[in-house]
Amino acid sequence: MRLVSKWLRIVGLGCLLMGAPSGYAADGSPENGEEIYLKRCVGCHGVDGDGLGPGAERLLPPPRDFTSGMFKIMSTAFDGYIPQDQDIFKMIKLGMPGTAMPGWQDILSEQEMWDLVAYIKVFPGYDEEEPGAAVEYVEQVPSSEDSIAKGKELFLEDDRCSECHGEDGKGNAIKRLLGDNGERTWPRNLTKPWTFRHSNNPKDIFTRISVGIPGTQMPSFADPASKKVLTPEERWHVANYVQSLAKTSEAVNPENTVIKAARVDQAIPDDPYDEIWTDALPSTFFMVPQIIAENRHFTPSNDTITVRSIYTPTEIGILLEWDDRTFSQPGDEDSEKIGDSPLYEDKVAVQLPVTIPTGMEKPYFVMGDRDNAVNLWRWRGGTTSEPEAVSQISATGVGTGVELDAEGLMGRGVYKSGTWRVLFKRSLITESEDELQFREGVFIPIAFFAWDGSNGESGTKHILSTWYWLVLESSSSSVPFLGSLLALILVLGLEFLWVRSSSLQEENH
Amino acid sequence: MQKIPKLLQVVLIVVGVYFGFVLLFDFILGQVIPSSLLNMYMFFIVAGVLAVYTATEDGTRELVAPIKSLVEDPSKKKTRNIVFAVTPVAVALFVYLQLVPSLEAPLELRSIHPAPPSTVKIYGKRFDLRTLVNPYRKLEEEDPEEFRAMVEAGASIYIQNCHFCHGDKLDGQGPYAAGLNPVPLNFQDVGTIAQLQESFLFWRIATGGPGLPDEAAPWISSMPVWQEFLTEEEIWQVILYLYDYTGRRPRSWEE
């Protein structure tokens, strides 16, 4: 008897040792998991795991309904539907970028996260079933120019991926896509890797291509029944291509808060795609939905804007560029089909103070305040019956906007392959006291607003940025050169005098 | 120390302190030290070090001896010529860099926890922040069940309104935090709600960014004016939740 119990203990210990490093829900305790779940997860996922917590209403994508048994991001091959334990673990640990789901590794221990995995599996009854076989990675094809080129070809072939992700991968939809709960889903903008639910590491991309995203229209490209099926090698090429699409030059650099406008000699052309802009330095900023003033917006479709600026001795040009999956033109049949109803125009605005602040005080960053007015240059894309137009608005707070004469302001927009480019032009100096007068070399606060008309954005429902800076780089001045020349002569002179006086002293000795 | 010439000692101390500041701020504290602040610190360091080294006449002589000999000692002529050629160029370069217009964003210093006013008008009523207490705090002892319900109500309000910026984990890292400047407050941090009274939180939540005094730069704060969206009761409930979730205690008058 004693021998048996000793033997059992050894086996038990062995199992524990073998189980621990690999990590399975079997190591987690659903009871502990429930306790953590009730404290940390119910706000969104609900007490019953149905994704109907109090926070759910204002979230898109909505929180996962665990009882549905459908998991979007998993590595179980396309013919299975139960995720690997590791998949659930990874979602908890790292979170889901681009959604409200944070990564929990900083406040939960590995064990606690495994406890959660064990508990979450109870909702769909997966605690009593085995997951299907995982995706086979066969042999990873390292990224190379050749592989990327092959991947691009496969991406575009018969509109395999470009059908939803667009020719340039910006997710510019030609279809209205819905998720399993009838919610609006958007094809991933593949040029923005920070919005990928998992990383843009080729292995993660390979997994998505192979499995698809259950509950959405993203299919599996490993399914032999699909007309668009790809071999593992081909999937690696596509994964390498998708990774190469990341627009690193236009990613947000949090250190950069200043738009530097260079001075040019020629007049600024009206075309937003003119070559003159290739040399202008792009600055990209995050945009957030307006949730400060009444009629708040919780479901934005875009998160960044890229700004460039140049100026001449008489005028300034500000070029705004942002990705928008939908061209929203009320009255246009295609626009109406894809966009949410009612369909509005796409719009964008630059916000400037009326007077350049001398101290720290600026106008309130959302439409100014009573003591500090702002100027808004607003462009709208037009409808089938009205052309694009600009307006100039003066405001001293939300809802106080007054239209000014916009005669001196030019705005022109071009929509191309999932991207808007809008160019504003105005003379540096105007005669109106309600307009900002530009000066070289000073820091001018600047902020941005944008509306996606297909996403129900109109009025106070829009995205906006906080204040950044615009500086018109001073034309080359001779002061630094002359100043340093003077310093050079001065120091040389002092040295000369010093040497001379010391040698005179020597002679006197 | 004996073997190192005094002049070199001075140079080593100044350079060492300079990089010490950079190391402390930029790497250990993770907060880049503003150049204006660093310049000010270095001015006092240099002045202090020179004062110490020139306190006695011997000290002064020893300090300037290498410089003097450089000019007066004929055997060091070659070194002197090099030093005398490099110095003006270095000075000219420094002057040039100082005069070229800087495109570094202006430094904005703001007070994160400004002093609250003694009284404030919220919901059309006047509140005395010095005596104001959370009316539901006492339930914690009197009626724990009712208290739990209040905390849970606060949790719902939080997830519907606050997590977008302050984060699901109350760590100031909500999905929109990266687009805001100043960044949303991190309630998990010991330096935030644990240092404050509940009345301070009530004032900050109810009047939001625009309710801040000027030293706290109300024009850039993204904090909404919550009295426009939440009831008085809801604000007190969400305050209960902030302390409950983070496990912190509000500061009170007794302490």
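Here are a few things to note about the model shown:
- Residue within the range B:66-73 that is in contact (Cβ under 8 Å) with a residue 60 or more places away in the chain, assigned to a helix (DSSP H, G or I) and not polar (S, T, N, Q) present: yes
- Checklist (1) surrounded by 19 or more Cβ atoms within 10 Å (Cβ to Cβ); (2) assigned by TED's automatic domain parsing to the domain that holds A:Gly166 applied to A:Asp85, failing item: (2)
- Any hit, the range A:7-24, residues being within 11 Å of chain B (Cβ to nearest Cβ) and either at pLDDT below 95 or outside any helix (DSSP H, G or I) (or both): no
- Whichever residue in the range A:367-378 is among the hydrophobic types (A, V, I, L, M, F, W, C) and assigned to a strand (DSSP E or B) and, among such residues, is surrounded by the fewest Cβ atoms within 10 Å (Cβ to Cβ): A:Leu376
- When restricted to residues that are under 20 Å from B:Leu107 (Cα atoms) and surrounded by 12 or more Cβ atoms within 10 Å (Cβ to Cβ), the range B:13-34 contains 8.
- Failed criterion for B:Ala178 (all others in (1) within 30 Å of B:Thr246 (Cα to Cα); (2) more than 7 Å from chain A (Cβ to nearest Cβ) hold): (2)
- Looking across the range A:460-471 at every residue that is more than 7 Å from every other protein chain (Cβ to nearest Cβ) and outside any loop (DSSP other than H, G, I, E, B), the one that is surrounded by the fewest Cβ atoms within 10 Å (Cβ to Cβ) is identified as A:Tyr468.
- Residue within the range A:472-493 that is in a strand (DSSP E or B) and either assigned by TED's automatic domain parsing to the domain that holds A:Ile356 or within 30 Å of A:Pro357 (Cβ to Cβ) (or both) present: yes
- Checking each residue in the range A:425-450 for being buried (at least 16 other Cβ atoms within 10 Å of the Cβ), farther than 30 Å from A:Asp323 by Cβ and within 14 Å of chain B (Cβ to nearest Cβ) picks out A:Glu440, A:Val442.
- Given (1) free of Cβ contacts under 8 Å to residues at least 24 places away in the same chain; (2) outside any loop (DSSP other than H, G, I, E, B); (3) within 14 Å of chain B (Cβ to nearest Cβ), number of the condition A:Asp87 does not satisfy: (3)
- Checked against the criteria, B:Asp26 counts as assigned to a helix (DSSP H, G or I), under 30 Å from B:Val183 (Cα atoms) and without any contact (Cβ under 8 Å) to a residue 12 or more places away in the chain.
- Qualifying helices (runs of 4 or more DSSP H) (wholly inside the range B:78-166; at least 1 residues being over 34 Å from the mean Cα position of the chain (by Cα) and within 14 Å of chain A (Cβ to nearest Cβ)): B:144-161
- Checking A:Val398 against (1) closer than 19 Å to A:Tyr364 by Cβ; (2) within 10 Å of chain B (Cβ to nearest Cβ), the condition it does not meet: (2)
- Among residues of the range B:137-161 that are more than 30 Å from A:Pro289 (Cβ to Cβ), those with a Cβ under 7 angstrom from a residue that is assigned to a helix (DSSP H, G or I) and of a type in the set (D, E, K, R), sequence gap 6+ or separate chain, pair up as B:Arg137/B:Glu198; B:Leu139/B:Glu146; B:Phe147/B:Glu140.
- Tally of residues being surrounded by 16 or more Cβ atoms within 10 Å (Cβ to Cβ), out of contact with any strand residue (DSSP E or B) (no Cβ under 7 Å at 6 or more places or on another chain) and either over 22 Å from A:Thr400 (Cα atoms) or not basic (Lys, Arg) (or both) across the range A:277-300: 4
- A:Gln105 meets all of the listed conditions (1) in contact with a Pro (Cβ under 8 Å, 6 or more places away or on another chain); (2) modelled with pLDDT of 95 or more but one, namely (1).
- Qualifying residue in the range A:374-389 (condition: out of contact with any helix residue (DSSP H, G or I) (no Cβ under 9 Å at 6 or more places or on another chain) and either at positive phi or in the same structural domain as A:Gly169 (by TED's automatic domain parsing) (or both)): yes
- Just one residue in the set A:Val264, A:Val252 is surrounded by 15 or more Cβ atoms within 10 Å (Cβ to Cβ), within 14 Å of chain B (Cβ to nearest Cβ) and of a type in the set (A, V, I, L, M); that residue is A:Val252.
- Pick from the range A:39-71, criterion of a type in the set (A, V, I, L, M) and more than 10 Å from chain B (Cβ to nearest Cβ), ranking: surrounded by the fewest Cβ atoms within 10 Å (Cβ to Cβ): A:Val47
- Filtered residues of the range B:205-255 (kept if small (Gly, Ala, Ser) and not in a helix (DSSP H, G or I)): B:Gly208, B:Ala217, B:Ser221, B:Ser222, B:Gly247, B:Ser252
For every residue, the table says whether it meets (1) of a type in the set (Val, Ile, Thr); (2) within 13 Å of chain A (Cβ to nearest Cβ); (3) under 27 Å from A:Phe449 (Cβ atoms).
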| site | (1), (2), (3) |
| --- | --- |
| B:Val183 | yes, yes, yes |
| B:Val190 | yes, no, no |
| B:Trp203 | no, no, no |
| B:Pro218 | no, yes, yes |
| B:Phe229 | no, yes, yes |
| B:Glu234 | no, yes, no |
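The values are calculated or read from the model by the stated rules, or taken from the named source; none is laboratory data. Computed from a predicted structure; not experimentally measured. Ideal geometry is used to build each Cβ from the backbone, glycine not excepted, and the neighbour counts take in all protein chains shown.
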